[in-house]
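Just so it is clear, none of the values below were taken in a lab; they were calculated from the coordinates. The structure displayed is predicted, hence computed values, not measured ones. Using ideal geometry, Cβ is built from the backbone for each residue, glycine included, and neighbour counts are taken over all protein chains shown.
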Amino acid sequence: MWLRQQDLEEDCRLACLGGLAPHPEQHLGILKQRLVDVFVEPERMDLLGSSRSLIVLAIDGLAYDIASASWAPDLLAAVSSTFPSVSSAAWLTASTGLTPSKHGVVGVVFEDEAVDGVYNCYLDQEQSHVRSVSPARAIELGPWPTLFSELAAMGVQCTAHIGDLARYPGRWSRAVTHGACVVNPPVRQFGKHSIEPADIAYIAMNAVDHTVTSAVPHEPALVWAFLNFDDHIHLNGYDAQIVSALRDLECTIAAWVRDGHSVLAYSDHGLVPTHSSQRCAMLMEWLNDSRLCRSPAGGAGRTLWAYPKPEHERALVERVAELAEPFAHVLSREELADLSLVERNPLVERRVGPLVLIAKDAEFPLFDARYRYEHGSLLMQEMLVPVALWRGI
């Protein structure tokens, strides 16, 4: 049974921080086992209908309320994202069932003693104060068992159309799709520049169509496709282009359902309006000052990990609190653990800094000055994501 959105919000609301924590039961990490169970005991599940094939659409950046306003599936449930509510952590959690504290990807950038500075999981490289860049193979980064590897071991044909993930060909993206037969997009369609939502949807629908029409009839199959709406939303928000692309997707989904396929769509996080300020710029100067901090700031989006040198930690925390408390929660790693936002284990100790900042509202430092919308913190629209189901006929 899925909890209602209202019950989910009530169960995971953090009164002290004014946001939502990951729900203990209805969160992205449950999807792996639910999708595996579909093929083990389909009569006990409500996903496949009369079908033995499942199309899964992984839509980056889609908030629950936008999906609810745009789609009319057979089932629409809200689940909570990870903390932090960022793609690097959330997609890996959905694929492996592991929390960020377990798989260790606690953002895009984080410190680890295995590298001299901080590590960027998208680039699979070290980044340091002196801007040296080198491979970081000593970092622990999977692969772990995924829904694809477990289904493949059961004889289910698993295909992953990775779309824009092809821009990040390191161990992180490989860990997300570990065990699937990976299909790269045409090289010219995904490059350094983002493309429009309608084109993203069109490319994904064509790729899935090609796979499902060429599959062996009645063979158990899962076809997964990644759609990156996130880049567009960062710049434009949930505009008419996003809504139009979602409605086009549902038209194609209806055709897939008529052909006997069940379709499930889910997301990693939502986005909220965000802007920087002069005091945000000053904050980042402090957190990236090599005289005060042993490494540059890590995290992702609207959550920051800071790594002060021990001899400067107390003074820096006081300065940061005075400057940032009007727009950010200023916490310690131990306080995060007390709130059950992270676990107490060696990975968290190594990677989450002793000084943590989480956005309270719209004002927060931006990693990209062009962005008008961002994610990573605990606000409801960032934390609630959809799981939508259209059952095959």
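For the reader, a short list of remarks on this structure follows.
- Other-chain or far-sequence residues with amide H under 5 Å of Lys360's (modelled H): Ala328, His329
- With each label modelled as a point 7 angstrom along the Cα→C-beta vector, the Asn236-Glu196 pair spans 0.7 nm.
- Antiparallel content of DSSP bridges confined to the chain, in %, to 5: 60 percent
- Labels on offer are (i) -0.44, -1.00, -1.16; (ii) -0.40, -0.90, -1.06; (iii) -0.50, -0.98, -1.09, and the one holding log10 I(q)/I(0) by the Debye sum over Cα atoms at q = 0.08, 0.12, 0.13 Å⁻¹ computed from this structure is (ii).
- Once backbone amide H atoms are built at 1.01 Å from N, His275 has Glu363, Phe364 as its partners under 5 Å, excluding neighbours fewer than 5 places away on the same chain.
- Distance from region 1-26 to region 310-386 (C-alpha centre basis), Å: 19 Å
- Taking θ as phi - 60° and the Karplus parameters 6.51, -1.76 and 1.60, the scalar couplings of region 58-67 work out to 9, 10, 6, x, 8, 6, 4, 5, 6, 4 Hz in sequence order, x denoting glycine and proline.
- Label-reachable residues, region 270-309, where backbone N falls under 14 Å from a point 7 Å from Glu322's Cα toward its Cβ: 283
- Distant-in-sequence amide H partners of Leu75 (H built 1.01 Å from N, under 5 Å): Leu389
- For the pair Ser68 and Asp116, label points projected 7 Å from Cα toward Cβ lie 5.1 nm apart.
- Share, in percent, of DSSP beta bridges within region 1-127 that are antiparallel, nearest 5: 90 percent
- Protection proxy ranking, peptides 263-269, 245-251, average beta carbon neighbours within 10 Å, highest first: 263-269, 245-251
- Charge dipole magnitude, Cβ of K and R +1, D and E -1 - the chain, Cα centre, debye nearest 20: 680 debye
- Each peptide in 19-28, 222-231, 322-331 receives the mean, over its residues, of other Cβ atoms within 10 Å, and ordering these scores from highest gives 222-231, 19-28, 322-331.
- Taking every alpha-carbon pair under 8 Å whose residues sit at least 6 apart, region 275-370 reaches a relative contact order of 38 percent.
- Set against the 2.2 N^0.38 Å expectation for a compact globular protein, region 275-370 has a Cα radius of gyration ratio of 1.02.
- Scoring 338-344, 368-374, 154-160 by mean Cβ neighbours within 10 Å over their residues and listing the highest first yields 154-160, 338-344, 368-374.
- For Lys309, the aspartates and glutamates whose Cα falls under 12 Å of its own Cα, not counting residues fewer than eight places away in the same chain, are Asp289.
- 9 Å beta-carbon shell around Leu384, net charge (K/R +1, D/E -1): -3
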